[in-house]
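Chemist: Here it is, the structure, as structure tokens.
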Amino acid sequence: MARRCRRLEGEVARGALARAEALLFDCDGVLWRGEAAVPGAAEALARLEARGRRLCYVTNNSSRTREAYAEKLRRLGFPAAAPRQVFGSAHCAARYLSRALPPGGAAYVLGGAALGAELDAAGVPHLGAGPAPAPGHALFGARAPLEPAVRAVLVGYDEHFSYGKLCLALRYLLREDCLLLGTNRDHRLPLEGGSAVPGTGCLVKAVETAAEREAVIIGKPSRYMFDCVVSEFNIDPARTIMVGDRLDTDILMGNNCGLTTLLTLTGVTTLKEVEDHMASDCPERQNLVPDYYVDSIADLLPALQD
Ligand SMILES: [Mg+2]
């Protein structure tokens, strides 16, 4: 059946928000852009929370810990959030590895300090996060001794990514019992003024290409991230709204998990893209169509008035 996306307003908005028990929010492009909160977003969330709605934050960004997200929410004036309400791909990857690694197993990490901190918090032994041990020697990875305990390679956002690290990752992955895990596949991170920087997906692709394997992906649109939310808060998918600004991550995950999906136009997606998907006969494209859209989540404010 063709999916149809309509603007969430008036009685429809009041009804949808009255039925919802929980709302999951993507962060970048929905709650804020960089360090600037989306105007009215904090008030909308405060009203939702005052009405007893469970609020959770789901983000593919692996460069911050749960605590850092909770602190950013506080700093930008959003309702106080506990770290356990935040599901970032760093935390969720650590959670996955804490269950998937064999006893005594460790992870080789391409990522930064936040990824290392989340692995520590989950009790996952790891090495590699941060700058390479011998920067400047591109081939260190081809010669360095391997750590025999490594049973997984985890690829996240890594500003110290290098050929040497790629060499090490491949050498670990030549063992068939070594897992390959990626935090997310976002291929670009949009910047102001139409500019962009390469996203973690580029690094995951590089490791997959070298290893000739496909990574297990933790972040949206993978349902693992939603499973993490359910295991923590036992929310009912039929009474949960996923709010996001990206069709191929936020909305696709929400649709795949049976959630109500709401697109905000404050981030990377235009209404024209939604209309093009709606007009398509292709089932994969239909799956990218949200149930509803708003220009901004501040548009929910009238429906949350007493
Ligand atoms: Mg976003």
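Chemist: Using the Karplus curve 6.51 cos²θ - 1.76 cosθ + 1.60 with θ = phi - 60°, work out ³J(HN,Hα) for each residue of region 113-122 in order, rounded to whole Hz, and write x for Gly and Pro.
Modeler: 4, 5, 5, x, 5, 5, 5, 4, 4, 8
Chemist: Angle, helix 163-173 long axis vs. longest principal axis of the chain, Cα atoms, 0 to 90°, nearest 10?
Modeler: Computed tilt is about 90 degrees.
Chemist: Now, a different point. Calculate I(q)/I(0) for region 80-131 by the Debye formula, one identical point scatterer on each C-alpha and no solvent, and give its log10 at q = 0.16 Å⁻¹ to two decimals.
Modeler: -0.44
Chemist: Over all alpha-carbon pairs in region 171-288, figure out the percentage whose distance exceeds 18 Å.
Modeler: The calculated P(r) of region 171-288 puts 61 percent of pairs beyond 18 Å.
Chemist: What order do you get for His126, His277, His91 when you list them from fewest to most C-beta neighbours inside 10 Å?
Modeler: Details: His126 24, His277 20, His91 30.
Least to most surrounded, the residues fall as His277, His126, His91.
Chemist: Nearest 10 degrees, 0 to 90: what angle lies between the long axis of helix 10-19 and the longest principal axis of the chain (Cα atoms)?
Modeler: For 10-19 against the chain, the angle is about 50 degrees.
Chemist: Still on this structure, please answer the following. Dividing the alpha-carbon radius of gyration of region 90-217 by 2.2 N^0.38 Å (N being the number of residues), what value is obtained?
Modeler: Computed over Cα atoms of region 90-217, the ratio equals 1.01.
Chemist: Note down the net charge around Pro131, summing +1 for each Lys or Arg and -1 for each Asp or Glu among other residues with Cβ under 13 Å from its Cβ.
Modeler: -1
Chemist: A further question follows. When the Kirkwood radius is taken over all Cα pairs of the chain, what Stokes-Einstein diffusion coefficient follows at 4 °C and 1.567 mPa s, in µm²/s?
Modeler: 64
Chemist: Please list, in chain and number order, the residues 5+ apart from Trp32 or on another chain whose amide H is under 5 Å from its amide H, with Hs placed from the backbone.
Modeler: Placed amide hydrogens put Val38 under 5 Å from Trp32.
Chemist: Show the residues, 5+ positions off or on another chain, whose built amide H is closer than 5 Å to the amide H of Arg7.
Modeler: Tyr293
Chemist: Highest GNM mean-square fluctuation, the chain, Cα pairs closer than 10 Å: which of Leu127, Leu179, Leu154?
Modeler: Top of the fluctuation ranking is Leu127.
Chemist: Find out how many positive minus negative residues lie around Asp227, taking Lys and Arg as positive, Asp and Glu as negative, among other residues whose Cβ is under 13 Å from that of Asp227.
Modeler: Combined, the nearby Lys, Arg, Asp and Glu give +3.
Chemist: Restricting to Cα pairs below 8 Å that are 6+ residues apart, what does the relative contact order work out to for the chain? Please round to a whole percent.
Modeler: Numbers: 622 pairs, mean separation 71.2, N = 306.
Relative contact order for the chain comes out at 23 percent.
Chemist: Using Cα pairs under 8 angstrom and six or more residues apart, how large is the relative contact order of region 90-217, in percent?
Modeler: It rounds to 23 percent for region 90-217.
Chemist: Rank-order 61-73, 292-304 by packing density, defined as the average count of other C-beta atoms within 10 Å over each peptide's residues, highest first.
Modeler: For the peptides 61-73, 292-304, the packing ranking is 61-73, 292-304.
Chemist: Related question: 5 Å is the cut-off here: which amide hydrogens, built 1.01 Å from N in the peptide plane, fall below it relative to Arg188, excluding neighbours closer than 5 in sequence?
Modeler: Correct list: Gly199.
Each reported figure results from applying straightforward, stated rules to the coordinates on display, with no laboratory input. None of the values given here were measured: they were computed from a predicted structure. Every residue, glycine as well, gets a Cβ built from its backbone with ideal geometry; the counts of neighbours run over all protein chains shown.
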